[in-house]
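Remarks on the structure that follows.
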Amino acid sequence: MAMGLSRSGVESAVGKDLERSMRSHPKVSVLLTCWNREDTIQEALKSVVSQDFADREILLVDDGSTDRSISLAEGFPEVKILRNEENRGVVFTRQRALEESLGEYLLYVDSDNRLKPGAISNLVAELEKHSPEVAFVYGQREYFGGRGGLSDFPDFDRDFLKLRNYVDMTSLFRRKPVAEVGFDERFPGLEDYDLVLSLVGGGYSGVLLDKPILEYRVHGASLTGGFNWKRRIDMLGRLARKHRPFFSEDEVKTLIDYNRAKVVNSLRRRRCFRGPLSERWADWCETLRFAGVSRQALAATLYLLLPGWTQKPPRI
């Protein structure tokens, strides 16, 4: 019996396995996760149900949405809908989708993105060219929304994974290796990187399908968008140390320095000068903070520049 798993938990797991064995096994499980996406969920589902690959199941796991996401998704009869009783986060929801699905291959699609026509057929054809040691096939992104353009993800390279993750979560994965490692809730927002590192650390590899398979939505004019970049960089360090000896301690430091510089350059070069003043100010502050300027120094500078604020320096 697995440590920490009660008898009722074992019986539940066995029951799920029995139920799964009695159901038909499609070639591909398309797994969507959703939380309050009433504005985009129909676009995402239309892009999935219109795919020309027929041997599939489509599973949507809703993470406690409070808007119309579920009622809109119910307009797609092919889609099996499951609901978390409360908001548990994307990592838990991805894991639940994995456990509830049946397919030999897994394709995760976020509910604000769209699959390109023929994406599933192209990914399956590519993965089936390779031995089981190739655990996934990833493609390129086509950006839309806040900005356009195409990604330029490189061919699979273990060493380059020590600098950044270039494998999109919307890749086609073999079920068996993914089920072996699962998703780690300690790394929300980096669960895709953690998954890929776990697979590579277990002796698997991937392959690039060098064409756009996903339309990736870029939200908002501001690059910062209130995101805590410092927390993300700190989490990257913890993630790399989890995957030692794949990372040496020097390589952990290189990963952190590389991604810190990448954030600064992104904020400096690509912030939206035509966005609202508050967003441009947030981008500028975030850039300076990552360049080493403290919150206190930024607040004091603003206080001097805007003497009309006489009570105390504004919070940043």
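Below, the figures for the structure above:
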{"read-out": "Residue in the range 210-228 that is open to solvent by 50 Å² or more (accessible area, probe 1.4 Å), aromatic (F, W, Y) and modelled with pLDDT under 95 present", "value": "yes"}
{"read-out": "Members of the range 174-186 found to be under 14 Å from the mean Cα position of the chain (by Cα) and crowded, with 19+ Cβ neighbours inside 10 Å, listed by number", "value": "F183"}
{"read-out": "Selection within the range 47-63 - more than 13 Å from L106 (Cα to Cα), in contact (Cβ under 8 Å) with a residue 12 or more places away in the chain and open to solvent by 50 Å² or more (accessible area, probe 1.4 Å)", "value": "S50, D52"}
{"read-out": "Total residues in the range 92-119, condition of a type in the set (A, V, I, L, M), surrounded by fewer than 22 Cβ atoms within 10 Å (Cβ to Cβ) and assigned to a helix (DSSP H, G or I)", "value": "2"}
{"read-out": "Subset of the range 132-154 (residues that are open to solvent by 50 Å² or more (accessible area, probe 1.4 Å), assigned to a loop (DSSP other than H, G, I, E, B), more than 24 Å from R175 (Cβ to Cβ) and modelled with pLDDT of 95 or more)", "value": "D152"}
{"read-out": "Members of the range 122-163 found to be more than 17 Å from D110 (Cβ to Cβ) and among the small types (G, A, S), listed by number", "value": "A125, S131, A135, G148, G149"}
{"read-out": "Which listed residue, of S198, S131, is touching a helix residue (DSSP H, G or I) at 6+ places or on another chain (Cβ under 9 Å) and of a type outside the set (D, E, K, R)", "value": "S198"}
{"read-out": "Tally, over the range 54-97, of residues that are in contact with a Lys or Arg (Cβ under 9 Å, 6 or more places away or on another chain) and of a type in the set (S, T, Y)", "value": "2"}
{"read-out": "Unique residue being assigned to a loop (DSSP other than H, G, I, E, B) and open to solvent by 20 Å² or more (accessible area, probe 1.4 Å) when the list is K80, K129", "value": "K129"}
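A quick yes/no check of all residues on (1) in contact with a His (Cβ under 6 Å, 6 or more places away or on another chain); (2) within 21 Å of L60 (Cα to Cα); (3) acidic (D, E); (4) touching a residue at least 12 places away in the same chain (Cβ under 8 Å):
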residue: V91; (1), (2), (3), (4): no, yes, no, yes
residue: L106; (1), (2), (3), (4): no, yes, no, yes
residue: E126; (1), (2), (3), (4): no, no, yes, yes
residue: H130; (1), (2), (3), (4): no, no, no, yes
residue: L163; (1), (2), (3), (4): no, no, no, yes
residue: D168; (1), (2), (3), (4): no, yes, yes, yes
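The values are calculated or read from the model by the stated rules, or taken from the named source; none is laboratory data. Predicted model only: the values in this text are computed from it and were never measured. Ideal geometry is used to build each Cβ from the backbone, glycine not excepted, and the neighbour counts take in all protein chains shown. What goes into the accessible areas is simple: the full protein's heavy atoms, side chains included, and nothing from ligands, DNA or RNA. Shrake-Rupley method; radii C 1.70, N 1.55, O 1.52, S 1.80 Å.
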